[in-house]
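Notes follow the structure.
Read the figures in this text as sums done on the coordinates, not as results from a lab. Remember, it's a predicted structure, so these values are computed and weren't measured experimentally. Heads up, the Cβs are rebuilt from the backbone with ideal geometry, glycines too, and the neighbour counts pull from every protein chain shown.
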Amino acid sequence: MTTSLIDIADGAADQPGRLSWVGMEGIDLPLQVAGRPLAGRADAGVSLDDPEARGIHMSRLYLALERLTDRELTPGRLNEVLAHFLDSHHGLSQQAFLDLSGEAMLRRPALVSPLAGWKAYPFAVRGRLTAQGFEARLELSIGYSSTCPCSAALARQLIQERFDRDFAEQDAVGFRAMRDWLGSEQGIVATPHSQRSQAHLELRLAPDAESLPVVEVIDRVESSLGTALQTAVKRVDEQAFALANGQNLMFCEDAARRLDRALREQPGVAGFRLRVVHAESLHAHDAVARSAWNWPGGQAG
Ligand SMILES: Nc1nc2c(ncn2[C@@H]2O[C@H](COP(=O)(O)OP(=O)(O)OP(=O)(O)O)[C@@H](O)[C@H]2O)c(=O)[nH]1
């Protein structure tokens, strides 16, 4: 004889009331993003709109996540799972939520040498299914290098002053002497400071977006900044990186404006909010700039 298991979640609530979100946070979930498997995390929930119901059915949400594990993550698949959340909570819930996060691994080529290496890009995908329909957001954090334009100008000024001192006595400076001086630490007396910086993006995906534009956005951001963090590096790559930094001197305002312009043209993106953080080596606090376009409330903050 089998005993039927008591199910108190099916009973009435001690204290009736609606809840805006009920579910589970921090579920381990293998995902596939940018063509590769990764260790992901999921926060899955629904609203509890029946004020009398004691609880939702956590296991139904948990089991629905399984269909995300063996295929590339797409907005369509996110929508499917959210629809399943609501179908399995008919009469209880009218809104479904699913946040997925992890680190996308991309292989990035060196600047000059034929080498390549791996870079991890933290991401989150946030899906909502409500009476207004399906909405998906993609969040990405992308590291880059920024060299301070003010520091670069001040360093150039010091180099000029050093030049004045070293060559003031001479009417004409010979090519060879000048060349040697430019190649010496005694001549190039100062260098500008640069910092490892981060662009944090929140993107509203267009309703017709068929895929997550993870690689496309990362490529666009890195090419618009010009100073992507490198992976495998030989000296020839390091020299190219030094040139790229010198040709792309950036305050945080410059970086934010570049990204704002680049992301407005990104197919599949209907709006965004961005924040760039320059972890200054000049001082112990960060320089930060924010921007937003087609963002609910117009908020950049
Ligand atoms: N609703 C709810 N369930 C919880 C919570 N903490 C743990 N659970 C457990 O989650 C398990 C799964 O719940 P259900 O999905 O309702 O499981 P079930 O009744 O076997 O499955 P169904 O027949 O599909 O409803 C139960 O054993 C609950 O006790 C909680 O805070 N709220």
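Observations
- Summed residue charge, Cβ within 15 Å of Glu280's Cβ, Lys/Arg positive, Asp/Glu negative: -2
- Taking other C-beta atoms within 10 angstrom as a stand-in for reagent exposure, Tyr144, Tyr121 fall in the order Tyr121, Tyr144, fewest first.
- Extension gain, Gln247-Arg179: 0.36 nm per intervening residue step, less the Cα-Cα distance, totals 22.4 nm.
- In order along segment 22-32, the phi-based Karplus estimate (6.51 cos²θ - 1.76 cosθ + 1.60, θ = phi - 60°) of 3J(HN,Hα) comes to 9, x, 10, 10, x, 6, 6, 8, x, 10, 10 Hz; Gly and Pro are listed as x.
- Within-12-Å neighbourhood charge of Ser224 [Cβ basis; K, R +1; D, E -1]: 0
- Each of Ala153 and Ser211 was given a label point 7 Å from its Cα along the Cα-to-Cβ line. The distance between the two points is 4.3 nm.
- Spherically averaged projected area of the convex hull of Cα atoms, segment 170-301: 11.9 nm².
- Centroid-to-centroid separation of segment 107-148 and segment 208-265 [C-alpha atoms, Å]: 12 Å
- FRET E, pair Leu63, Ala284, Förster distance 35 Å, beta-carbon r, rounded to 0.05: 0.15
- Dipole-positive endmost among Leu205, Met105, Ala124 within the chain (Cβ charges, Cα centre): Met105
- Label point distance in nm, Ala13-Phe167, each placed 7 Å from Cα along Cα→Cβ: 8.0 nm
- Once both labels are positioned 7 Å from their Cα atoms along Cα-to-Cβ, the gap between Arg196 and Asp49 label points is 4.7 nm.
- Computed FRET value (nearest 0.05) for Arg71 with Arg41, which takes r as the C-beta separation and R₀ as 25 Å: 0.90
- Each Lys and Arg adds +1 at its Cβ and each Asp and Glu adds -1 at its Cβ; summed about the Cα centre, segment 11-156 shows a dipole of about 840 debye.
- Residue of Ser101, Ser291, Ser151 that the Gaussian network model of the chain assigns the largest fluctuation, springs spanning Cα pairs under 10 Å: Ser151
- Placing unit charges on the Cβ atoms of the charged side chains and taking the dipole of the chain about its Cα centre, the candidate lying farthest along the positive direction among Ser47, Ser184, Ala228 is Ser184.
- For the chain, the fraction of alpha-carbon pairs in successive 20 Å shells from zero, as %: 27, 43, 21, 8, 2, 0
- Cα centre as origin, Lys/Arg/Asp/Glu Cβ charges: segment 86-191 dipole, Debye: 360 debye
- 3J(HN,Hα) along segment 289-297: 9, 10, 7, 8, 9, 6, 10, x, x Hz, from the Karplus curve 6.51 cos²θ - 1.76 cosθ + 1.60 with θ = phi - 60°, whole Hz, x for Gly and Pro.
- Nearest 10 degrees, 0 to 90: helix 214-225 Cα axis against the chain principal axis: 20 degrees
- Using a Förster distance of 25 Å, the FRET efficiency for Thr130-Arg107 (Cβ separation, nearest 0.05): 0.10
- In this Cβ point-charge picture (+1 for Lys and Arg, -1 for Asp and Glu), segment 144-301 has a dipole of about 220 debye about its Cα centre.
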